[in-house]
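Data first, discussion second: the structure below is written as structure tokens.
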Amino acid sequence: MKHSATVIGLDIAKKVFYAVGKDERGNEVLKRKMSRDQVLEFFINLPSAKVGIEACATAHYWARQLNALGHEVKLIAGQRVSRRVLGNKNDYRDAKAICDLRSEPETLYVPINSEAQQDVQMLHRVRQRLVENRTALMLQIRSLLGEYGLSFPCGATALRKDLLAVFSGEHHGLSSGAMEIFTEIQSQLAMQDEWIDAYDARVKRLAHQDEQIARLMEMPGFGPLNSTAFVATLGDPHRLIRAQFLG
């Protein structure tokens, strides 16, 4: 399809994508519904255009792909798009709102994550899930022990210490069936600890291998975890470093 769209709003989804484009005069000259598999082929055949996409989980991938094709892609925060949509939401109206926002010079954009940033974000998300799972498991252990009349001080360290006391026989009255299950749960807890330790080691290696992260850790209060998370989320930390050291 030939058209003169210089600005395009792309509404992305799991399967169906919708593009709306305007020319230099602001006239709507493009309306296109396509499957996920057709998106790159469609944009390959288009002249370079300013493309807007609503920022979401997969938007960074599509932004990188379309930028590589020569387009100028910007991500727009979802709340800005929602406020701009007129009437009931649908694919066309979402794409039109995105196109309108991409046309406006005052629109603020969300930075596009690089693939390396996404790798680190994934590392943090998986680690966080493991930490949450471990916390839930420890709460369950405390609750189950309480049902047998065993009450321990709050805190992970106290629970681990008292679990060892349970297994050494200092607490009586637990049936063999209960002891068997508590032993299995303790093994699950130890496995969670091993996984989290492994992810912590990966974060530390990354922190010392990356020059930007290593420099960020020179600032007070920045360790491997928050430094890698900072760079993965916000990108180049040079401005923050200059502000800290230059006053």
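The set of residues from region 43-60 being free of Cβ contacts under 8 Å to residues at least 12 places away in the same chain and surrounded by 13 or more Cβ atoms within 10 Å (Cβ to Cβ) is empty. Among the residues making up region 70-90, a single one is at pLDDT 95 or above and more than 25 Å from the chain's Cα centre (by Cα): Gly70.
Of the residues Glu211, Glu194, the single one that is in the same structural domain as Leu144 (by TED's automatic domain parsing), out of contact with any helix residue (DSSP H, G or I) (no Cβ under 6 Å at 6 or more places or on another chain), charged (D, E, K, R) and modelled with pLDDT under 90 is Glu211.
Residue by residue, here is whether (1) under 19 Å from Leu130 (Cα atoms); (2) charged (D, E, K, R); (3) free of Cβ contacts under 8 Å to residues at least 60 places away in the same chain holds:
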| position | (1), (2), (3) |
| --- | --- |
| Gly173 | no, no, yes |
| Gly177 | no, no, yes |
| Ile181 | no, no, yes |
| Ser187 | yes, no, yes |
| Trp195 | yes, no, no |
| Met217 | no, no, yes |
| Thr228 | yes, no, no |
| Val231 | no, no, no |
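The lone criterion from (1) surrounded by fewer than 16 Cβ atoms within 10 Å (Cβ to Cβ); (2) among the aliphatic types (A, V, I, L, M); (3) outside the structural domain of Asp11 (by TED's automatic domain parsing) left unmet by Leu86 is number (3).
Residue by residue through region 83-105, note down the ones that are free of Cβ contacts under 8 Å to residues at least 40 places away in the same chain and within 22 Å of Gly26 (Cβ to Cβ). Lay out the reasoning, then the answer.
Let us first name the residues in region 83-105 that are free of Cβ contacts under 8 Å to residues at least 40 places away in the same chain, namely 83-90, 93, 104-105.
The answer is Arg83, Arg84, Val85, Leu86, Gly87, Asn90, Arg93, Glu104, Pro105.
Tell me, which strands (runs of 3 or more DSSP E) wholly within region 1-108 include 2 or more residues that are small (Gly, Ala, Ser) and farther than 30 Å from Gln121 by Cα? It would help to see each step written out before you state the result.
Working: elements: 7-11, 16-22, 28-35, 50-54, 72-76.
In region 1-108, there are no strands (runs of 3 or more DSSP E) which contain 2 or more residues that are small (Gly, Ala, Ser) and farther than 30 Å from Gln121 by Cα.
Residues of region 157-170 that are within 37 Å of the chain's Cα centre (by Cα) and surrounded by 12 or more Cβ atoms within 10 Å (Cβ to Cβ): Ala158, Leu159, Arg160, Lys161, Asp162, Leu163.
Look at Tyr92 and say whether it is assigned by TED's automatic domain parsing to the domain that holds Asp193 and hydroxyl-bearing (Ser, Thr, Tyr). No; evaluated as a whole, the condition is false for this residue. Among the residues of region 218-233, are any of a type in the set (A, V, I, L, M, F, W, C), surrounded by 14 or more Cβ atoms within 10 Å (Cβ to Cβ) and in contact with a Pro (Cβ under 7 Å, 6 or more places away or on another chain)? Among the residues of region 218-233, at least one is of a type in the set (A, V, I, L, M, F, W, C), surrounded by 14 or more Cβ atoms within 10 Å (Cβ to Cβ) and in contact with a Pro (Cβ under 7 Å, 6 or more places away or on another chain), which makes the answer yes.
With respect to the conditions (1) touching a residue at least 60 places away in the same chain (Cβ under 8 Å); (2) among the aliphatic types (A, V, I, L, M); (3) more than 21 Å from Gln118 (Cβ to Cβ), Leu206 lacks only one, and its number is (3). Quick check on region 179-217: of everything there that is over 30 Å from Glu147 (Cα atoms) and among the polar types (S, T, N, Q), which residue is surrounded by the fewest Cβ atoms within 10 Å (Cβ to Cβ)? Of everything passing the filter in region 179-217, Gln209 is surrounded by the fewest Cβ atoms within 10 Å (Cβ to Cβ).
The values are calculated or read from the model by the stated rules, or taken from the named source; none is laboratory data. Keep in mind it's a predicted model, so treat the numbers as computed, not measured. A quick note on method: Cβ atoms are made from the backbone with ideal geometry, for glycine too, and the neighbour counts reach across all protein chains shown.
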